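Enquirer: Starting off with a structure, shown below.
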Amino acid sequence: MHRFSLKYLPLKPIATGFIDVDCDPAAERLMVINRKTGALISHKKIIAGRFSSFIAKEYLFLNDLMCVMFDDNGNFNAAVTDNVEPLNINLVTFDPTNPQPYEP
């Protein structure tokens, strides 16, 4: 028989990166790519004009990321943003509904 056990997050800070992008309403997908190696970091659908993704802490202080926004209908060209820096967050106290603490 399996016993249910609770796992608690440690109280010490856990550093990680977070990307939150306010996207064009016509966009359907966004890719986050390592610009030096070409490795795909994240590739998700855009929901309600927002893209949010956790990023490994190795990318926090490097300008190695770029974002590519796609319109699957083909009405608009892809949009690229280079040298993207993720937010440095504490995973223990982070609120994904309000990623920028100074925003209401």
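Enquirer: What is the dipole size for the chain, taken about its Cα centre, with +1 at each Lys and Arg Cβ and -1 at each Asp and Glu Cβ, in debye to the nearest 20? Each step should come with its number before you reach the end.
Expert: Working: 10 positive and 12 negative charges, 134 e Å.
Value, rounded to 20: 640 debye.
Enquirer: Sticking with this structure for a sec: Only Cα pairs within less than 10 Å get springs; with that Gaussian network setup on the chain, which residue of Phe94, Phe54, Phe18 has the largest fluctuation?
Expert: So, out of Phe94, Phe54, Phe18, the one fluctuating most is Phe94.
Enquirer: GNM, the chain, Cα, under 10 Å: largest mean-square fluctuation among Asn77, Asn90, Asn34?
Expert: Judging by the Gaussian network model, the answer is Asn77.
Enquirer: Under a point spin-label approximation (7 Å from Cα along Cα-to-Cβ), what is the Leu91-Ala48 distance to one decimal in nm?
Expert: Label-label distance for Leu91 and Ala48, simple model: 2.5 nm.
Enquirer: Follow-up question, since we're still on this one. Rounded to the nearest whole Å², what accessible area per residue is found for the chain with the 1.4 Å probe? The partial results should precede the final answer.
Expert: Numbers: 7650 Å² over 104 residues.
With the other protein chains kept in place, the chain gives 74 Å² per residue.
Enquirer: May I pose another question? Putting +1 on Lys and Arg Cβ atoms and -1 on Asp and Glu Cβ atoms, find which of Phe61, Asn75, Thr93 reaches farthest to the positive end of the dipole of the chain.
Expert: Thr93
Enquirer: Let me confirm the definition first: pairs of Lys residues in the chain, 8 or more apart or on different chains, C-alpha distance under 22 Å. How many are there?
Expert: Details: Lys12/Lys57; Lys36/Lys44; Lys36/Lys57; Lys44/Lys57.
Lysine pair count for the chain: 4.
The values are calculated or read from the model by the stated rules, or taken from the named source; none is laboratory data. What you are looking at is a predicted structure, and each value in this text was computed from that prediction instead of being measured. Note: ideal-geometry Cβ built from the backbone for every residue, glycine included; neighbour counts use all protein chains shown. Quick note on the areas: whole protein, heavy atoms, side chains included, nothing else; ligands and nucleic acids left out. Shrake-Rupley method; radii C 1.70, N 1.55, O 1.52, S 1.80 Å.
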